[in-house]
Amino acid sequence: MFRAVVLIAAVVLAADQLTKYWAESALSGGQTITVLGDLLQLRLLYNPGAAFSIGSAYTWIFAVVAAAAVVAVTVVAWRVTSRAWAVALGLVLGGAATHLLDRLLREPGFARGHVVDFIDYAGFFVGNVADIALVVGVGIVMLLNVRGTPLRATATPGESRSDEQRSSSDA
């Protein structure tokens, strides 16, 4: 399942970075594209802080937190044999990794980079694809925790211990 986590994370990272590239080219002149009236618009912002631009003066801290999240999720993902957990952790890993890349590689400089946001939710906040992946991934994690779903899928009654070990080594 670790491969699935990495694949999902890679898809999130690619989708996020490609949409940010598009946003920077299509919305750079201050344009706004209306998608659903006032409920959903596309407009370009560069966010030095966290959600709602909180902590704008502490961008480097967000880089450290994103790096820690990437490491922690990767460590946990090595143990996952549950498909649901693989999806959840892949979404979280992808979102954290792409935010880390923004913090490390975007202007104004290393560990101070601003995150590109462009999806405006009724003026409440402006986000990006990585934010969507993070919210959905964390939501799934919370649901799996509430339901008591283990990280490691349990063997079915007819499956032997060696079958379970073999399937976990295939992931």
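No value in this document is a laboratory result; all are computed from the given coordinates. Since we're looking at a predicted model, the values are computed, not measured. Note that we place each Cβ from the backbone using ideal geometry, even for glycine, and neighbour counts take in every protein chain shown.
Calculate how steeply helix 161-170 sits against the longest principal axis of the alpha-carbon atoms of the chain, using the helix alpha-carbon long axis, and give the answer as 0 to 90 degrees to the nearest 10.
Approximately 30 degrees, to the nearest ten.
Please tell me the relative contact order of region 2-151 in percent, rounded to the nearest whole number, where contacts are Cα pairs under 8 Å and at least six residues apart.
Values: 251 pairs, mean separation 48.2, N = 150.
After rounding, I find 32 percent.
Using alpha carbon coordinates only, what is the Rg to Rh ratio of the chain, with Rh defined as the Kirkwood radius? Let's see the in-between values first.
Details: Rg = 18.4 Å, Rh = 17.3 Å.
When Rh is taken as the Kirkwood radius, the ratio is 1.06.
Label 7 Å along Cα→Cβ of THR32; region 122-150 residues with amide nitrogen under 12 Å?
Answer for this model: 122-124.
Taking +1 at the Cβ of each Lys and Arg and -1 at the Cβ of each Asp and Glu, which of ALA86, ALA130, ALA69 sits farthest along the dipole of region 2-151 towards its positive end, judged by Cα position relative to the Cα centre?
Result: ALA86.
With axes computed from alpha carbons, what is the tilt in degrees of helix 129-147 against the longest principal axis of the chain, rounded to the nearest 10 within 0 to 90?
With both axes taken from Cα atoms, the answer is about 40 degrees.
Between GLU24 and VAL11, what is the spin-label point distance in nm, taking each point 7 Å from the Cα along the Cα→C-beta axis?
2.5 nm
Where in region 44-112 are there chymotrypsin sites (Phe, Trp or Tyr not before Pro) that are in a DSSP coil and have at most 14 other Cβ atoms within 10 angstrom of their Cβ?
Working: sites: TYR46, PHE52, TYR58, TRP60, PHE62, TRP78, TRP85, PHE110; in loops: TRP78, PHE110.
Here the sparse-neighbourhood loop sites are TRP78, PHE110.
Enter the angle in degrees (range 0 to 90, nearest 10) between the Cα long axis of helix 59-77 and the first principal axis of the Cα atoms of the chain, meaning the one along which they spread out most.
Approximately 20 degrees, to the nearest ten.
Highest mean first, what order results for 6-15, 91-100, 67-76, 142-151 on Cβ atoms within 10 Å?
Numbers: 6-15: 18.4, 91-100: 26.7, 67-76: 15.6, 142-151: 11.7.
Going from most to least packed, we get 91-100, 6-15, 67-76, 142-151.
Under a crude label model (7 Å from the Cα following the beta-carbon direction), how far is ARG83 from LEU40 in nanometres?
A separation of 2.7 nm, rounded to one decimal place.
If I stretch the segment between ALA111 and VAL64 completely, what's the gain in nm (0.36 nm per residue apart, minus their alpha carbon distance), one decimal?
Working: separation 47, 0.36 × 47 = 16.92 nm, distance 0.81 nm.
Extra length available between ALA111 and VAL64 comes to 16.1 nm.
Evaluate the charge dipole of the chain about its Cα centre and quote only its size in Debye, nearest 20, assuming +1 on the Cβ of each Lys and Arg and -1 on the Cβ of each Asp and Glu.
On the way: 12 positive and 12 negative charges, 87 e Å.
So the dipole magnitude of the chain works out to roughly 420 debye.
Please work out the FRET efficiency for the pair ALA57 and VAL146, using the Cβ-Cβ distance as r and a Förster radius of 30 Å; give the result to the nearest 0.05. Show your work: numbers first, answer last.
Values: r = 36 Å, r/R0 = 1.20.
FRET efficiency, ALA57 to VAL146: 0.25.
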